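What follows draws every value from the coordinates through simple rules; no lab data is involved. Worth saying up front: this structure is predicted, and the values here are computed from it rather than measured. Neighbour counts run over all protein chains shown; Cβ positions are idealised from the backbone, glycine included.
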Amino acid sequence: MKTPIKTLAAALTALSLAAGGAMAQDDPFKVGFVYVGPIGDYGWTWTHDQGRLAVEEHFGDAVETVYAESVPEGADAERVITQMILDGADMIFTTSFGYGEATNAAAGRFPDVYFEHATGYLREHPNVSTYSARFYQGRAVIGHIAGHMTESNIVGYIASYPIPEVIRGINSAYLHARAVNPDVEFRVIWAYTWFDPAAEADAAQALIDAGADVIMQHTDSTAPQTVAQEAGAISFGQASDMIQFAPLPRVASIIDNWGPYYIRRIGEAMEGTWEQSDTWEGMPEGMVLIGEMSEAIPEEVRASATALMESMQSGEYHPFTGPINRQDGTAWLAEGEIADDGTLAGMAFYVEGLTGEIPN
Amino acid sequence: MIDPVTLIVALIIVSTPVLLAAIGELVVEKTGVLNLGVEGMMIIGAVTGFITAVETGSVTLAFLAGMAGGMILSAVFGVLTQLLLSNQVATGLALTLFGIGLAALLGVGYPGSSLPPVPDLFPASMQAIPVAGPILFSHPLIIYLAVLLVVAVWFLLQHTRTGLVIRAVGESHDAAHALGYKVIRIRFLAILFGGACAGLGGAFLSVARVQNWIEGMTAGAGWIALALVVFASWKPWRVLLGAWLFGGISALQLRLQAAEVNVPVALLDSSPYLVTIIVLVLISSDRARAALNAPAALGKVFHASG
């Protein structure tokens, strides 16, 4: 029995030496992605993974990517990030708001690794950048469509957590729905989850039972689409196109397009030109797209929604242009005034006309 | 402001997957086996049920496949814990992790596939009856089966010889063995039954409730089922009550939010868990009696010696 074991050990040693040698020769730039949900959500995480695949396609063998799915927001994330770095990652993308502290803690311990945190604001170390998309521009377009298409004048909104990103989306959608339909009301349910298909389906059903005939979601699964389909309500794809639900209930969608940003930043890191930044791009840069508007939308609404979309793509229109009051009636933006990014980034109030309360 | 009829309909639908998994686990625990793999068996049932529904177009086959999927996974647990005497807690946890991963693998390519509709048991004319129609007659067969299953399990455990044997094995496997009962065989059958129930609950979730396969879609329902069994102090009727409470409060809190009732959302969101636990703890607050009801051999390894 001794001989086989010795042979095996020798083979293993040879193998590991060979592997080590190969790695030394052409060491690819290794990039780790930390996802909050499964890739199979066909929503938020799926779009980030599309970005990762675009990176692999673009760089070929020069870049190696790894990812971890369904990583809980909090201390667990730091463990996952650390593991990726110990396994050789040179750059880490953390793709959910709740990874902010874990990302910065890891960045402090690994100053030579580049960190990119999606939808965050914490940049405690020079090797941490944040990036986000101006989803609220997309919300303006679907709000416009919703305002036109609702017959009950009640729009149901499945919100995730009461963070500025989500509140901004509700405000933008509401403002543009009200602009074309003064009687429209929004009903918001806070699901306190990014991804829980059953809970999202239940929330959609509750909103429909409360009279909503349009469902918007700021959660990641397609479950609300199925409920809307059964109830004859209309819905919008979120993060990914969700085209499988077109033409009804899904009449349009807001799509996140991360690939170009990922390719740019990884390229910069490889060349050594990467600098800390706080990127916030939207329709003009192509980070936010509107999915195909289905035939279910009346012709003239499709035209006006397209015009609204184009006015944002060209940069001539900002969804938060005054006059806009806060929910309590106090003035926020004067006639023609445009919201500054600082206020938008920290938005914690509803605009006038929304009837619910933001949980704190 | 809140329509009680749609609320009750939602309650029944929300509670069914948890109820099915919990009643199965109750029987397993009554035989003295603690299977923490409920979540894993549920999600396997969800994916096998969904795939079968897509491929065959038959809802009946889908539910059977969900049961089979859960059973196969539970058989792995049975072999490991009953024949190879592995630790039940560790094996159960591993089963959950394995089930979630395997389900994700099996389900690749299936999210968003279109499904055959799940037929309702009663004709549309009966569903049109005001109030009673939607509440009593608007559901698919599985929902009625779930409630019947609770009745059947209660009857089996309390009023039949088989039930007595199951409880004896769960109280003292050595005594039951000494009396000549096949401890391992009884436990293995109970484990398979628990797997089938959890798998059916999962299949109901994917095929009837969400009508889609999405990775990780059980999102903790299996753990709630496990907690229900304990808080219901291993009594079938209390499991039913707990599942309805959980489903009812879950459905109610969403409707309170939609109606913009002025209650803190964080409280509403946690209320299904809080209320279910508080109520079940209160009704089983007589500690001596509750302890009496817990299977004494729960989680203990049985090895026929001497």
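Charging the Cβ of each Asp and Glu at -1 and of each Lys and Arg at +1, and nothing else, the dipole of the protein assembly as shown about its Cα centre rounds to 3840 debye. Distance from the C-alpha centroid of region B:166-206 to that of region A:88-144: 49 Å, rounded to the whole angstrom.
Relative to the compact globular guide of 2.2 N^0.38 Å, what is the alpha carbon radius of gyration of region B:98-169, as a ratio?
This ratio for region B:98-169 stands at 1.73.
Taking amide H positions as modeled 1.01 Å from N, with prolines and chain starts lacking one, no residue 5 or more places away or on another chain lies under 5 Å from residue B:259. Taking square-rooted eigenvalues a ≥ b ≥ c of the alpha carbon gyration tensor, is the protein assembly as shown rounded, prolate or oblate, where a/c under 1.5 means rounded and, failing that, a/b exceeding b/c means prolate? It comes out oblate by the Cα gyration axes.
Count the lysine pairs in the protein assembly as shown whose Cα atoms sit under 21 Å apart, keeping only pairs 8 or more residues apart in sequence or on different chains.
Here the count comes out as 5.
Spatial offset of region A:170-235 relative to region B:102-134 amounts to 21 Å, using the alpha carbon center of each. Scanning residues 5 or more positions from residue A:235 or on other chains, those with amide H under 5 Å from its amide H are A:215, A:250, A:251, with H placed 1.01 Å from N in the peptide plane. The Cβ shell under 15 Å around residue B:45 holds other residues with a net charge of -2, Lys and Arg each +1, Asp and Glu each -1. Computed from phi, the 3J(HN,Hα) profile of region A:126-141 under the Karplus parametrisation 6.51, -1.76, 1.60 (θ = phi - 60°) reads x, 9, 10, 10, 10, 8, 7, 10, 7, 4, 5, 5, x, 4, 4, 5 Hz, with x in place of Gly and Pro.
Here the residues A:129, A:314, B:86, ranked from fewest to most Cβ neighbours within 10 Å of their Cβ, fall in the order A:314, B:86, A:129.
For peptide A:353-359, compute the average count of partner chain beta-carbon atoms within 10 Å of each residue's beta-carbon.
3
Rg over Rh for chain A works out to 1.05, using Cα positions for both radii and the Kirkwood form for Rh.
Take the convex hull of the alpha carbons in region A:54-197; its mean projected area over all directions comes to 10.6 nm². Residues in region A:172-180 carry Karplus couplings, in order, of 5, 4, 5, 4, 7, 6, 5, 4, 9 Hz; the curve used is 6.51 cos²θ - 1.76 cosθ + 1.60 with θ = phi - 60°, and Gly or Pro positions show x.
Here the 3J(HN,Hα) profile of region B:73-87, calculated from phi with Karplus coefficients 6.51, -1.76 and 1.60 at θ = phi - 60°, is 5, 5, 5, 4, 4, x, 4, 5, 8, 8, 8, 9, 6, 6, 5 Hz, Gly and Pro shown as x. Amide H contacts of residue A:33: A:66, A:67, A:68, A:93, each under 5 Å away and 5 or more positions distant or on a separate chain (H built 1.01 Å from N in the peptide plane; Pro and chain starts excluded). For chain B, the longest principal axis of the alpha carbon atoms and the long axis of helix B:141-159 meet at an angle near 30°. Highest mobility in the GNM of chain B, judged by mean-square fluctuation with C-alpha springs under 10 Å and restricted to B:92, B:163, B:32, is found for B:163.
For region B:1-149, just say rounded, prolate or oblate: build the C-alpha gyration tensor, square-root its eigenvalues into a ≥ b ≥ c, call rounded for a/c under 1.5, and beyond that prolate if a/b exceeds b/c, oblate if not. Judged from the Cα gyration tensor, region B:1-149 comes out prolate (a/c at least 1.5, a/b above b/c).
Neighbouring Cβ atoms from other chains, within 10 Å of the Cβ of residues in A:219-230, number 3 on average. Peptide B:203-216 has a mean shielding of 6, counted as Cβ atoms of other protein chains within 10 Å of each residue's Cβ. Springs between Cα atoms under 10 Å define the GNM used for chain A, and in it the highest mean-square fluctuation of A:177, A:210, A:68 occurs at A:210.
GNM, chain A, Cα, under 10 Å: largest mean-square fluctuation among A:322, A:147, A:100? Among A:322, A:147, A:100, the largest mean-square fluctuation in the Gaussian network model of chain A belongs to A:322. What whole-number distance in Å separates the alpha-carbon centres of region A:310-360 and region B:1-71? Going from one Cα centre to the other spans 45 Å.
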